[in-house]
1. Please enumerate the residues belonging to the range B:162-190 that are free of Cβ contacts under 8 Å to residues at least 12 places away in the same chain, under 20 Å from residue B:251 (Cβ atoms) and not polar (S, T, N, Q).
2. Test residue A:202 against the criterion of being at pLDDT 95 or above, in a loop (DSSP other than H, G, I, E, B) and within 14 Å of chain B (Cβ to nearest Cβ), and give yes or no.
3. Any residue at all in the range B:223-239 that is within 28 Å of the chain's Cα centre (by Cα), within 15 Å of residue B:314 (Cα to Cα) and not aliphatic (A, V, I, L, M)?
4. Please specify each residue of the range B:249-266 satisfying the condition of being surrounded by 19 or more Cβ atoms within 10 Å (Cβ to Cβ) and either of a type in the set (D, E, K, R) or away from chain A (no Cβ under 14 Å) (or both).
5. Would you mention how many residues in the range A:26-75 are in contact with a Ser or Thr (Cβ under 7 Å, 6 or more places away or on another chain) and within 20 Å of residue A:194 (Cα to Cα)?
6. If I filter the range A:157-164 for residues that are within 28 Å of residue A:35 (Cβ to Cβ) and within 17 Å of the chain's Cα centre (by Cα), do I get at least one hit?
7. Starting from the range B:312-339, keep only residues that are closer than 19 Å to residue B:287 by Cβ, then list their pairs with residues that are aromatic (Phe, Trp, Tyr) and not in a helix (DSSP H, G or I) whose Cβ atoms are within a distance under 9 Å, requiring at least 6 positions of separation or different chains.
Amino acid sequence: MALRSVVSRKTLAPALRHYRSLTTFTLPDLPYDYGALEPAISGEIMRLHHQKHHQTYVTNYNKALEQLDAAVSKGDAKGVVQLQSALKFNGGGHVNHSIFWQNLKPVSEGGGEPPHGALGWAIDKDFGSLEALVKKINSEGAALQGSGWVWLALDKEQKILKVETTPNQDPLVTKGVSLVPLLGVDVWEHAYYLQYKNVRPDYLANIWNVINWKYASEVYEKESA
Amino acid sequence: MIYRPPLMMDYSVAGVNTKLSTIAEICYTISSNFVVTETLRTPSSKLLQADTPTNTDTVEGKEIQKKKREREKEMVLQLVMAPNWCGCGVASANSTKISTNAFKMSSNRFNFSKPYPGRAYRVTAYYSLTTPPYELDALEPYMSKRTVEIHWGKHHNEHVERLNKHLKTSAFYGHTLEEMVKATYNNGSPLVEFNDSSSVWSHDFFWESMQPNGGSMPKGGVLDQIKKDFGTFTNFKDEFTFAALSIFGPGWVWLYLKKNERKLAVAPTQNAISPLVWGDIPIIGLDMWEHAYYLDYKDDRSAYVNNFLDHLVSWHSVMVRMMRAEAFVNLGEPKIPVA
């Protein structure tokens, strides 16, 4: 399963009202140490990124979900619609970062090894070569104004690979319902600023040393089956 | 620590500084916001270089040579007599001294829009990076020198350079920066120049919204206006902080004057948007992009905003901007004490 988030069941039910259980979320653990991705991404960045930023998204998403639940059960249409931007931002942040931690792997555990098998052939078919794909993702990531994500996506309907960008924390599905994220690169400044300052292209060039192509291959094979 | 009062936002031409680097190149700066680039150069535009050497053996050749020399002398005279920023000319050893009036009416007066008579050229102007009105380390410890160096020297600079690149081919060349921001916003479907022009404007505004030993309380009319529009000064601070922390993603938070309602208000904006795009007058701008605070505060945005309000915001700038805004917005009758 792509998301390794641990779900917990929480009930919001004061004594005599009807029972509704709301699934809330917790911060997933990283499958490696904070410092394991050095020197591509520093341990300080990983720690802050995971413990502060991702945690904030999870906390705020849970809060928004509780508010949504209350608004839905009250029939408050205006309230429901007003919460959508908070849900998209915080929920998207949780979803995107959960994928991101899976997309990274220390060099010692196979990070940076180029893809083989079906995904490798698909990349060659759709982009020409792995180098061309990396170049495309890097240029789109560097050109992105503001904050956002750059994705390697599988279009399930058209059965091709695409490179997409999304602004802020919008998840990939906002660019197309049939898009499945294989790799996502966070180009928010908090993802690289402490180490690379304003030089986003250096961050993008170095992150390929710790990209987990195995995960991308697994998702690709599962979704294109 | 050098502190100078903030510039007005109207970029009027402050003065002209001519500098002759070589006879064939002229590069001059108008205020700190315009750099006039050199003219298009044709191979024959080097002033004192003869186009083709004339054969002075014949009588005709000698005459042609004589005419060329006179022409060159005239052109040198024009350049040398070019007025410097205060309008007076600089005479060279070979030139003749003439009175100011005669100079102004003479054909020797330097024509800025046509520096090389008879040549093909185009004079173009671009934006340059304005310096903050204080030393780069003057905002310590609330905004470190490192942050200002990178934020100003790299991010702001990059926007200026990209804006200039756009201006080479843009239809909006010739607009003032404020006009260009409003026009390129295009009522919500921003054109490609919007991001960079608005960022340049907003960052200039941002540096001038701060000063060393800033913060604390405003005085007089500004305080009265804030109390009138927000209730108490603390209310204003709370609203400002709340707006700053409510932004999803990169953005700015503004204290601005609403023209129609004639009152101050606080609003957050996304990416590079500023109150200019909807026609109101910005009074304070705070950059809430991560690059503005990450090196100093990491993810602690509320500390950044609180320090800005308590120690950095320049109420002097606010006063000057409010004074200017009153030329456009009638904020009511002043309270004149009755004798």
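1. B:188, B:190, listed by residue number.
2. No, not satisfied.
3. Residues of the range B:223-239 that are within 28 Å of the chain's Cα centre (by Cα), as a first pass: none.
The answer is no, given that none of the residues of the range B:223-239 is within 28 Å of the chain's Cα centre (by Cα), within 15 Å of residue B:314 (Cα to Cα) and not aliphatic (A, V, I, L, M).
4. Of everything in the range B:249-266, those that are surrounded by 19 or more Cβ atoms within 10 Å (Cβ to Cβ) and either of a type in the set (D, E, K, R) or away from chain A (no Cβ under 14 Å) (or both) turn out to be B:253, B:254, B:255, B:256, B:257, B:264, B:266.
5. Of the residues in the range A:26-75, 0 are in contact with a Ser or Thr (Cβ under 7 Å, 6 or more places away or on another chain) and within 20 Å of residue A:194 (Cα to Cα).
6. Restricting attention to the range A:157-164, the residues satisfying the condition of being within 28 Å of residue A:35 (Cβ to Cβ) are none.
Taking every residue of the range A:157-164 in turn, none turns out to be within 28 Å of residue A:35 (Cβ to Cβ) and within 17 Å of the chain's Cα centre (by Cα).
7. B:312/B:142
One line per residue, one yes/no per condition, for (1) more than 14 Å from every other protein chain (Cβ to nearest Cβ); (2) surrounded by fewer than 16 Cβ atoms within 10 Å (Cβ to Cβ):
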| residue | (1), (2) |
| --- | --- |
| B:130 | yes, no |
| B:135 | yes, yes |
| B:143 | yes, no |
| B:146 | no, yes |
| B:163 | no, no |
| B:166 | no, no |
| B:170 | yes, no |
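The values are calculated or read from the model by the stated rules, or taken from the named source; none is laboratory data. No experiment lies behind these values; they were computed from the predicted model shown. Because the Cβ atoms are built from the backbone with ideal geometry, glycine has one as well, and the counts that use them run over all protein chains shown.
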